[in-house]
Amino acid sequence: MTGHVTGSAFVIYQDKILLIFHKVLQRFLQHGGHFEQEKDSSIVACVQREVQEETGLMVTLHPWHNQNNMTPIHIDTHQIPANEKKNESAHFHHDHAFIFVPEDPGEITLQAEEVENFRWIDRSQMGMDECRRAVMKKNERK
């Protein structure tokens, strides 16, 4: 089975994480998308591009990454089912997650094709899976 390199962003402002409501998947998720070799100079650049496309936000990589050799906060491989509408067979996504901080958190313009809504989630309202716990811990250390 083939795989695609993807990147995702946990955009953090104060004690909240920005989630977007994905139209196709019909659920709130962190930002993310495919690494595009012709557009992206790195996986970090890929994730910054995705955040800007989906929300219009300009973001800066969280200082933790600079202090830790640009290490992703989380790496995950998960299977994506076949999608007949896109003519895609089942494949894997090899996702690299990073933490970002918005330059201006108040200026959100949603990408109508893929994103239906957004929500700033306080960490007390979030289900704390391993990745989100790690993100919030790193944010506390900034």
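The values are calculated or read from the model by the stated rules, or taken from the named source; none is laboratory data. On a predicted model such as this, the values are computed, not experimentally measured, just so you know. Heads up, the Cβs are rebuilt from the backbone with ideal geometry, glycines too, and the neighbour counts pull from every protein chain shown.
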Subject >> Where T77 falls short, out of the listed (1) of a type in the set (S, T, Y); (2) under 29 Å from M1 (Cα atoms); (3) out of contact with any strand residue (DSSP E or B) (no Cβ under 7 Å at 6 or more places or on another chain) >> reply: (3)
Subject >> Residue satisfying all of: in the stretch 13-30; under 11 Å from the mean Cα position of the chain (by Cα) and farther than 14 Å from E116 by Cβ; modelled with the highest pLDDT among these >> reply: L18
Original post:
Quick one: how many residues across the stretch 51-64 are within 15 Å of the chain's Cα centre (by Cα) and farther than 16 Å from E116 by Cβ?
Top reply: 8
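I'd like the full set of residues that are of a type in the set (V, I, T) and in contact with a strand residue (DSSP E or B) (Cβ under 7 Å, 6 or more places away or on another chain), limited to the stretch 80-122.
I80, I99, V101, I108, V115, I121
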**OP:** Quick one: which residue in T2, T6 is within 15 Å of the chain's Cα centre (by Cα), among the hydroxyl-bearing types (S, T, Y) and within 20 Å of S89 (Cα to Cα)?
**Re:** T6
Original post:
If you go through the stretch 24-37 one residue at a time, do you hit one that is small (G, A, S) and more than 18 Å from S8 (Cβ to Cβ)?
Top reply: no
Original post:
Given the structure, is V5 touching a residue at least 40 places away in the same chain (Cβ under 8 Å) and under 24 Å from E116 (Cα atoms)?
Top reply: no
**OP:** Please work out if L25 is closer than 24 Å to D122 by Cβ, of a type outside the set (D, E) and touching a strand residue (DSSP E or B) at 6+ places or on another chain (Cβ under 8 Å).
**Re:** no
**OP:** Those residues that are without any contact (Cβ under 8 Å) to a residue 40 or more places away in the chain, surrounded by 10 or more Cβ atoms within 10 Å (Cβ to Cβ) and among the charged types (D, E, K, R), I need them from the stretch 82-112; list them, please.
**Re:** E88
